[in-house]
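To keep things clear, I will list the structure first and then write my remarks on it.
The values are calculated or read from the model by the stated rules, or taken from the named source; none is laboratory data. All figures in this text were calculated on a predicted structure; none of them were measured in a lab. Every residue, glycine among them, receives a Cβ derived from its backbone with ideal geometry; neighbour counts consider all protein chains shown.
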Amino acid sequence: MKIKNFHDLATSEVRDVAMMLAETALQAIDTHDVMEKNFVLKERTLFISGKYFPLEDIGRIFVVGVGKCSAEAVSVIEKTLLDIIADGIVLCASEEKFNKVRTYCGTHPFPTIANVEATSEIIKMLSGMTERDLVIFVISGGGSTLLCQPQSITCESEANILKKLFDAGATIEEINVLRKHISSARGGFLAKYAYPARVASLIFSDVPGDDIGLVASGPTVKDTTTINDAKKILEKYNLSNNALIEASLIETPKEDIYFQNVWNTVIISNKVALKAMEEKAKELGYTPIIKTNTLSGEARDIGAKIVEELHSAPSKTILLYGGEPTVTVKKPGKGGRGMELVLSASRTVGKGELVMSIASDGMDNSDFAGALCDIMTLEKAKGFGLSPEKYLEENMSYKFFEYAGDFLMTGSTGSNVSDLIVGIKI
């Protein structure tokens, strides 16, 4: 099972349904399974997500994996290609070991010099490619922070910028537009370095709407944003008064030639998880409604709205959402956007109702994968003297659910398709 405390949480009808849905979703987006379906070598032809590459047409094969899904995905690539790989690099936030592919352990969610050095190694490996070479990229969430290659500022300066944006509640779209213009490894730069080789980029989408230019800040995608777009974001969040930051902005590659041999494809997104939960809900005798896969906005507002929707929904209804809410940090508490959403919902959740949020990567800005709330949560909170309102105002959702015990624990899932939110009415 993906959810380690499944049975500890499945203590009522509505909780049992919630746990089955969560487990179903996480199984549906398992990176190893997804790769085995989309990466196959048969009769000297490599089939990658519906596109085929005859080996006799390929000189050398290189592999680059970046982000939370990269290690698991590259393990399948290496197993499939065995000794055919000329060289490869995986850049992730954990220690991994491969036979042919080199591994670099970076930091997340904020960059450090380890990220800069590892990114430099990727750029170095991509130099000197030929038209017959094939570079297989695995691009997934977390890659933006890992692909750190600032030109005029330090990685520490970039980390400070990011922290201010996170605390201010900036959207992932705004953050990644800025990221593209402060690193020469994002926003299409890796495609430029790989030119004139052919590029097959397998993208694990963790952004609302599956905009491939935003996943890991689009390292193999021609960027449509400009330095002026980045400057507007700095102005919006009062960061434009820092001359050093503005001076560090760089333009991304805009020449078509660097992308003419690039094939980008999304092989998994939250749509798969939502569809799997929809089918499971029907199997359990419920009426599922996929509300959106592009959920955005302030987490606490969304939590309250979901409860309102449950109040007016008929019995045996399940509401499903995917996306990435934001949190405007007011106090130095601890928690993630999913837990904040659920904590907000706990204030008004009714009898027979439940709200749950799951971080598909298993880490809701902490070691908790998310949380759930129902009437039992409120009863436990009351017994412990916990005030949902107080913990919400202090941005202390982690502590609240730690005390209440209604957190989900998975550890790192090796998957990442944004957050999954469920509302249930029995």
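All of (1) touching a Phe, Trp or Tyr at 6+ places or on another chain (Cβ under 6 Å); (2) farther than 28 Å from Val40 by Cβ hold for Cys69 with one exception: (2).
Okay, residues lined up against (1) in a loop (DSSP other than H, G, I, E, B); (2) crowded, with 16+ Cβ neighbours inside 10 Å; (3) over 25 Å from the mean Cα position of the chain (by Cα); (4) not assigned by TED's automatic domain parsing to the domain that holds His108:
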site	(1), (2), (3), (4)
Lys282	no, no, yes, yes
Pro314	yes, no, yes, yes
Tyr321	no, yes, no, yes
Lys330	yes, no, no, yes
Glu340	no, yes, no, yes
Leu343	no, yes, no, yes
Thr348	yes, yes, yes, yes
Met356	no, yes, no, yes
Gly362	yes, yes, no, yes
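Within the set Ala299, Ala359, Ala313, Ala369, the sole residue that is in contact (Cβ under 8 Å) with a residue 12 or more places away in the chain, among the small types (Gly, Ala, Ser), in contact with a helix residue (DSSP H, G or I) (Cβ under 7 Å, 6 or more places away or on another chain) and more than 26 Å from Tyr237 (Cα to Cα) turns out to be Ala359. As a summary of the residue check, Thr24 satisfies the conditions (1) in contact (Cβ under 8 Å) with a residue 12 or more places away in the chain; (2) part of a helix (DSSP H, G or I); (3) under 24 Å from Ala200 (Cβ atoms) except for the one numbered (3). In the set (1) part of a strand (DSSP E or B); (2) β-branched (Val, Ile, Thr); (3) over 30 Å from Thr130 (Cα atoms), the condition left unmet by Thr107 is number (1). Looking at (1) under 29 Å from Cys69 (Cα atoms); (2) without any contact (Cβ under 8 Å) to a residue 12 or more places away in the chain, which one does Glu379 not meet, given that it meets all the others? Against the list (1) under 29 Å from Cys69 (Cα atoms); (2) without any contact (Cβ under 8 Å) to a residue 12 or more places away in the chain, Glu379 comes up short only on (1). Taking region 173-198 as the search range and keeping residues that are of a type in the set (A, V, I, L, M) and assigned to a helix (DSSP H, G or I), which one is nearest to Leu147 (Cα to Cα)? Filtering region 173-198 for residues that are of a type in the set (A, V, I, L, M) and assigned to a helix (DSSP H, G or I), the one nearest to Leu147 (Cα to Cα) comes out as Leu190.
Say we look at region 200-255 and pick out the residues that are acidic (Asp, Glu) and in a loop (DSSP other than H, G, I, E, B); which of these is nearest to Leu190 (Cα to Cα)?
My answer is Asp223.
Every condition in (1) under 30 Å from Leu26 (Cβ atoms); (2) surrounded by fewer than 20 Cβ atoms within 10 Å (Cβ to Cβ); (3) in contact with a helix residue (DSSP H, G or I) (Cβ under 8 Å, 6 or more places away or on another chain) holds for Gly209 except the one numbered (3).
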